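Structure first, commentary second.
The values are calculated or read from the model by the stated rules, or taken from the named source; none is laboratory data. Remember, predicted model here, so these are calculated numbers, not experimental data. All Cβ positions, glycine included, derive from the backbone under ideal geometry; neighbour counts span all protein chains shown. Heavy atoms of the whole protein, side chains included, go into the accessibility calculation; ligands, DNA and RNA do not. Shrake-Rupley method; radii C 1.70, N 1.55, O 1.52, S 1.80 Å.
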Amino acid sequence: MPKEIERKYIADLSRFDNDKYRGDEITQAYLSINPDSTVRIRIRNDRAFLTIKSKNIGAVRGEWEYEIPAVDAQEMINQCKCVSLIEKTRYIAGRWEVDVFKGRLKGLVLAEIELSDPDERFDLPEFIVREVTDDPRYYNSNLGSSEILPPMF
């Protein structure tokens with residue numbers, strides 16, 4: 001089974017030089033936000049993906065991702081009763097993915113790093129504020145559907 005091992009952090013955009021990196025526009029919606037298994041549709045620039053993720057056990061979870069036609073993904077977002085919709089710009093800074101959220105989540109900046117082992121050591125860049133890996137309020141599946149926004153810092 002494919003595994004995703006990642007750590008997530010709140011980031012400070014004023015300490016991240018996003019002009020140095022290409023930004024990808026992402027729209028994503030969730031067909032299911034069951035804590036045991038989420039189902040996400042993501043359109044990233046002109047490509048689309050259907051992703052299924054299992055329950056988190058610390059920083060580890062199962063992940064299956066399949067490319068689908070972008071027109072189908074947009075139709076699913078428009079026609080299905082998606083649980084949440086998130087729009088953001090993602091920057092790739094080395095091993096880090098930095099998401100700058102838009103809309104009602106404007107002001108929230110999250111950074112993630114994918115690891116090969118849950119105990120892997122790595123250096124934190126200066127734009128990192130604090131870790132939120134184990135805080136479900138910062139799961140993307142919860143961000144779009146929550147009426148209560150998580151703290152930004």
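Please list, by residue number, every one of the trypsin sites (Lys or Arg not before Pro) in the stretch 73-127 that is coil in DSSP and has at most 12 other beta-carbon atoms within 10 Å. Walk me through the intermediate numbers first.
Values: sites: Lys81, Lys88, Arg90, Arg95, Lys102, Arg104, Lys106, Arg121; in loops: Lys81, Arg95, Lys102, Lys106, Arg121.
The qualifying sites are Lys81, Arg95, Lys106, Arg121.
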Q: Skip the ligands, DNA and RNA, and give the accessible area per residue of the chain with a 1.4 Å probe, whole Å².
A: 55
Q | Share of Cα-Cα pairs in the stretch 17-126 lying beyond 24 Å, as whole percent | A | 30
Q.
Using Cα springs under 10 Å in a Gaussian network model of the chain, which residue among Leu50, Leu124, Leu85 shows the largest mean-square fluctuation?
A. Leu124
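For the stretch 40-153, which whole percent of the accessible surface, found with a 1.4 angstrom probe, sits on carbon and sulfur atoms?
Working: 3250 of 6360 Å².
Reported share for carbon and sulfur atoms: 51 percent.
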Q) What residue among Ile68, Ile77, Ile57 shows peak mean-square fluctuation when the chain is described by a Gaussian network model with Cα springs under 10 Å? A) Ile57
Q. Once both axes come from the Cα atoms, what is the angle between helix 70-79 and the longest principal axis of the chain, in degrees from 0 to 90, rounded to 10?
A. 70
Q) Of Lys53/Lys81; Lys3/Lys106; Lys20/Lys102; Lys8/Lys102; Lys8/Lys88; Lys20/Lys88, which ones are farther than 24 Å apart at the Cα? A) Lys3/Lys106
**Q.** Estimated [θ] at 222 nm from DSSP helical runs (n ≥ 4, -39500 (n - 2.57)) normalised by residues in the chain, nearest 500
**A.** -2500 deg cm²/dmol
